[in-house]
Amino acid sequence: MTDLTNAHILLVEDDISSRIRIAGWLEREGCAVTTAERADEAWALLTETAFDALLVDVDLDGTVDGGGLIRNAASLYPQIAAFALGPESAHKAVRAIRAGAQDYISQPPEETRLLQAVRDALAAADRARPETLRAAPPAQRRTAGIVGESAAMRRVFDVIEAVAAGSSTVLITGETGTGKELVAQAIHALSSRRSQKLVGINCGAIPENLLESELFGHVKGAFTGAHQTRIGRFEQANGGTIFLDEIGNMSVNLQVKLLRVLQEREFERVGGLEKIKVDVRIIAATSANLKELIARNEFRSDLYYRLNVIPVQMPALRERRGDIPLLAARFIDKFATEWDAAPKSISQEAMKMLMNYNWPGNVRELENAIERMVAMTGTRRDIVTADLPEEIRQTGGNLFVSEIYIPDEGIDFNTQVSELERRLIIESLRKTNGNRREAAELLQLKRTTLIEKLRRFSIPAELEAASA
């Protein structure tokens, strides 16, 4: 990005007159400007999309100041161009630069100085990308390979840490590819059983006539081909943990036998009469809606309540978009090492597309996409939009393409609606070279309504003049 045209910029300023003035300067240069008054509001916006640049008043009110916001943003998006705005103060300037700001611009800012600083930073980002992604923010939590700092993932981490020490049965639910097996591994790794085995089995991948033998074992001669006695997964996991993946695919007959294991902690091998006792923790997972299966008499309600002692709901990736940069960094490091490839970084435009894609395959799909991009870019150090899979590029980084997303922290509804209206009006004027009548027709508004909104949103007259 060698100029400011189409740059997506987040302006965080609690003084409304300064906010309107700076936004107007940037918009006349062709920027798409999103504004926020508070650091928490800005952070919610940052977790939704990858902005090209961030302009922050260092003297924001709230628990997180401007410097803290810059630090967190720079950690999440290594290529973001961050600028601090504040009074003439050597002390504040040094603090802002240490937090990650590329420049400190004294207030009230001078238009030419501010625009040139942003323009130079974005041009420099194109010429020389960082060789590696920076480390994730200090608040990021990793548990047995699970990465995330979103509110949804913090809740998952809290449950893992709270229940790992016990032996209660756990039921993990969530869409395919959300990391249910990683949660099972994390619970086992943090438990007192960690020195024993974690034995897993996918109940949906094994034919029903073989699954019983796989779970409970069989004695010699139990069926054709049973030439010797064989222990099953429950015996293998004795003293440790068994992970029953896709439990919703288990037949009703087998569900009865599993219920007995949960109640009595004993079973018989297929074809045998000896009661085998086991000390094993059971963790089950499913991508199916078990309550719907119960309603169709395809899953036993008594088994469901036995399994659902500790429920863990894994969020879909589209529900935790703020974790995408962290996950992408981790996968890039992983595959660059495996492929012996050059260290990589992702351009902000490519990151926008990653964050606006809905990821039906969730984290697994993201991991596969990153592996492909690392392999295909070879010795090249930067991943750009052309390297993304076609289905991701089709989003175009356009927020309107993806479904509406509301972060767990919530949003200011009126602010978001007003911001959308403002951006639509500015884009319509740009598209019609400042012709108000044509812009109103594009938006299917009366011309008088458009003029009223121009006044209400304080869209600078210079913007219209520049477009005309």
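The values are calculated or read from the model by the stated rules, or taken from the named source; none is laboratory data. The shown structure was predicted, so the numbers you read here are calculated from the model rather than taken from an experiment. Every residue, glycine among them, receives a Cβ derived from its backbone with ideal geometry; neighbour counts consider all protein chains shown. Note: areas computed on protein heavy atoms with side chains; ligands, DNA, RNA excluded. Shrake-Rupley method; radii C 1.70, N 1.55, O 1.52, S 1.80 Å.
The single residue among R193, R155 that is surrounded by fewer than 17 Cβ atoms within 10 Å (Cβ to Cβ) and among the basic types (K, R) turns out to be R155. The single condition among (1) out of contact with any Gly (no Cβ under 9 Å at 6 or more places or on another chain); (2) modelled with pLDDT of 95 or more; (3) of a type outside the set (S, T, N, Q) that I206 does not satisfy is (2). State which residue is least open to solvent (accessible area, probe 1.4 Å) when the search covers only the stretch 196-212 and only residues that are in contact with a Lys or Arg (Cβ under 9 Å, 6 or more places away or on another chain) and farther than 19 Å from K277 by Cβ. Among those residues, the one meeting the criterion is I201. If only residues of the stretch 261-283 that are in contact with an Asp or Glu (Cβ under 8 Å, 6 or more places away or on another chain) and of a type outside the set (K, R) are counted, the one that is most open to solvent (accessible area, probe 1.4 Å) is E274. Across the stretch 318-340, the qualifying residues are those that are surrounded by fewer than 18 Cβ atoms within 10 Å (Cβ to Cβ) and part of a loop (DSSP other than H, G, I, E, B), and the one among them that is nearest to the chain's Cα centre (by Cα) is W339. In this structure, does D302 turn out to be outside any loop (DSSP other than H, G, I, E, B), open to solvent by 40 Å² or more (accessible area, probe 1.4 Å) and over 30 Å from N356 (Cα atoms)? Considered against the rule, which asks whether it is outside any loop (DSSP other than H, G, I, E, B), open to solvent by 40 Å² or more (accessible area, probe 1.4 Å) and over 30 Å from N356 (Cα atoms), D302 comes out as yes. Evaluated against (1) without any contact (Cβ under 8 Å) to a residue 60 or more places away in the chain; (2) at negative phi, N6 falls short on exactly one condition, (2).
Filtering I294, I276 for residues that are in contact (Cβ under 8 Å) with a residue 24 or more places away in the chain and β-branched (V, I, T) leaves a single hit, I276. If you go through the stretch 214-258 and keep only what is more than 36 Å from the chain's Cα centre (by Cα), part of a helix (DSSP H, G or I) and of a type in the set (A, V, I, L, M), you end up with V252, L254, V256. For L258, the requirement of being surrounded by 20 or more Cβ atoms within 10 Å (Cβ to Cβ), farther than 30 Å from V147 by Cα and out of contact with any helix residue (DSSP H, G or I) (no Cβ under 6 Å at 6 or more places or on another chain) is met.
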